[in-house]
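First up is the structure itself, then whatever we jot down about it.
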Amino acid sequence: MYTREQLHLAAVTEARYREAAPALFAARAAHYLPLTGGHYERITVRDQKTRWGSCSSKGTLSFNYRLLFAPPRVLDYVVVHELCHLTYMNHSWDFWNKVASVMPDYLTCKRWLRDHGSELNGLCHLQKRGQL
Ligand SMILES: [Zn+2]
């Protein structure tokens with residue numbers, strides 16, 4: 001079990017990462033947009049347990065701030081994934097081909113998320129860094 005202090009430290013860490021998230025996702029999306037094409041209206045940051053990102057038909061990209069606890073390449077994969085939905089609003093072969101054209105190693109990132117997604121929180125993050 002964790003002490004109250006450890007839980008507090010984890011919560012503070014999550015709040016700090018969440019604060020940093022909008023600027024980071026905006027920067028990564030701007031970086032990849034010339035490669036994926038498409039056009040988005042705005043980016044929002046959310047906190048969901050199981051969803052890493054989404055793309056609405058109105059061009060709103062949403063990202064889970066917990067991705068900031070993941071390796072940068074994995075965060076980038078989710079950004080590229082949602083950017084490709086601006087062109088293909090489905091998971092067709094065309095969609096995956098587009099993802100692969102920008103990020104040939106996307107399957108590794110996809111698997112990493114499946115296997116480690118549940119570790120993307122303040123407690124696990126601090127533990128991995130030996131700070132708990
Ligand atoms: Zn998708």
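Structural remarks
- Estimated FRET transfer efficiency (Asp115, Thr44; beta-carbon r; R0 41 Å; 0.05): 0.95
- Value at 222 nm in deg cm²/dmol, rounded to 500, when DSSP H runs of n ≥ 4 in the chain each add -39,500 (n - 2.57): -18500 deg cm²/dmol
- Loop-located GluC sites (Glu not before Pro) in segment 18-99, at most 14 other Cβ atoms within 10 Å (DSSP): Glu41
- Scattering profile of the chain at q = 0.11, 0.12 Å⁻¹ [log10 I(q)/I(0), Debye over alpha-carbon scatterers]: -0.40, -0.47
- FRET efficiency for Lys128 and Ala26, using Cβ-Cβ distance with R0 set to 22 Å, rounded to 0.05: 0.25
- Segment 57-132 versus segment 32-52: alpha-carbon centroid distance in Å: 10
- In terms of other Cβ atoms within 10 Å, Cys55, Cys84 run from fewest to most in the order Cys55, Cys84.
- Summarising the amide proton neighbourhood of Arg46: residues at separation of 5 or more, or on other chains, whose placed amide H is nearer than 5 Å comprise Phe63, Asn64, Tyr65.
No value in this document is a laboratory result; all are computed from the given coordinates. These numbers come from a predicted model, not from an experiment. For neighbour counting, all protein chains shown are included, and Cβ atoms are generated from backbone atoms with ideal geometry for every residue, glycine included.
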